[in-house]
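Take a look at the structure set out below.
The values are calculated or read from the model by the stated rules, or taken from the named source; none is laboratory data. All values reported here derive from a predicted model rather than from experimental measurement. Here the Cβ positions follow ideal geometry from the backbone for every residue, glycine too, while neighbour counts run over all protein chains shown.
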Amino acid sequence: MTELTAVWMLPIGLGLLGFVEPCTIGGHLVFLRSLWKLTARQKMASLLIFTLTRSAVAGVFGGAAALTGEALASFQAALWIVFGVVYTTLGLCYLSQVPLLLRGQFRLAPQAWRRAQHPIVLGLAFGLNIPACAAPILFGFLAFAASSGAVVSGFGMMFLFGLFLSLPLMGFMFAPQAFTQLESMADWFRTNRWITGTIFVALGIWSIWFGLFVDPVDWTGGQEHS
């Protein structure tokens with residue numbers, strides 16, 4: 001796998017990891033409840049609109065982060081190293097059961113939006129209200145997107161992150177036992193945090209290596225920064 005392929009696989013993996021974060025699952029239950037009385041076709045349409053809206057919001061954040069990273073092109077290697085240190089530290093906290101992650105949210109949208117029924121409003125609410133336990137993934141990946149130095153790449157990375165943060169909902173949308181399954185999944189990951197910790201430590205070590213030994217110009221396809 002090339003470095004560039006690994007970079008584009010990262011938002012997919014982190015999106016899926018974010019989906020199984022316990023407090024993120026709680027939010028997804030809110031969305032699933034909004035679909036209770038809809039037909040199968042309406043459910044699919046609502047999920048598509050919700051996912052695209054949420055992904056677009058994430059993409060805007062990624063594009064803005066990349067724009068900032070472009071202005072700090074000379075510090076891109078340092079951003080990779082900082083990203084790696086943050087993730088390694090976070091992983092060690094998971095492995096040692098340190099209560100680093102707090103409950104709550106970083107709210108950039110009115111809380112009332114989460115009680116809405118329209119999928120666009122829900123997509124905006126979920127894109128702008130970040131659960132605290134999932135924030136390290138999102139903020140760490142924003143730093144990652146910033147190091148890309150290209151607005152389109154930053155938007156694309158974060159759009160993929162938001163897409164795979166939401167797509168697994170399709171597997172639970174039509175199952176009557178979806179709520180029980182999601183709650184059981186959240187409980188399982190709470191009691192097996194070593195899995196998340198190991199992933200974060202591995203990701204952090206890889207990112208530090210990337211920052212130390214890979215030239216950002218190479219993996220962006222040779223694009224020079226002005």
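Where the second residue is part of a helix (DSSP H, G or I) and modelled with pLDDT of 65 or more and the first is farther than 25 Å from PHE189 by Cα and β-branched (Val, Ile, Thr) and lies in the stretch 1-19, which pairs have Cβ atoms under 9 Å and are six or more apart or on separate chains?
VAL7/PHE144; VAL7/SER153; VAL7/MET157; VAL7/PHE210
Taking the residues in the stretch 23-40 that are surrounded by 14 or more Cβ atoms within 10 Å (Cβ to Cβ) and small (Gly, Ala, Ser) as candidates, determine which candidate is farthest from the chain's Cα centre (by Cα).
That would be SER34.
Of the conditions (1) farther than 21 Å from THR180 by Cβ; (2) modelled with pLDDT of 80 or more, THR5 clears all except one; give me its number.
Just one mismatch for THR5, condition (2).
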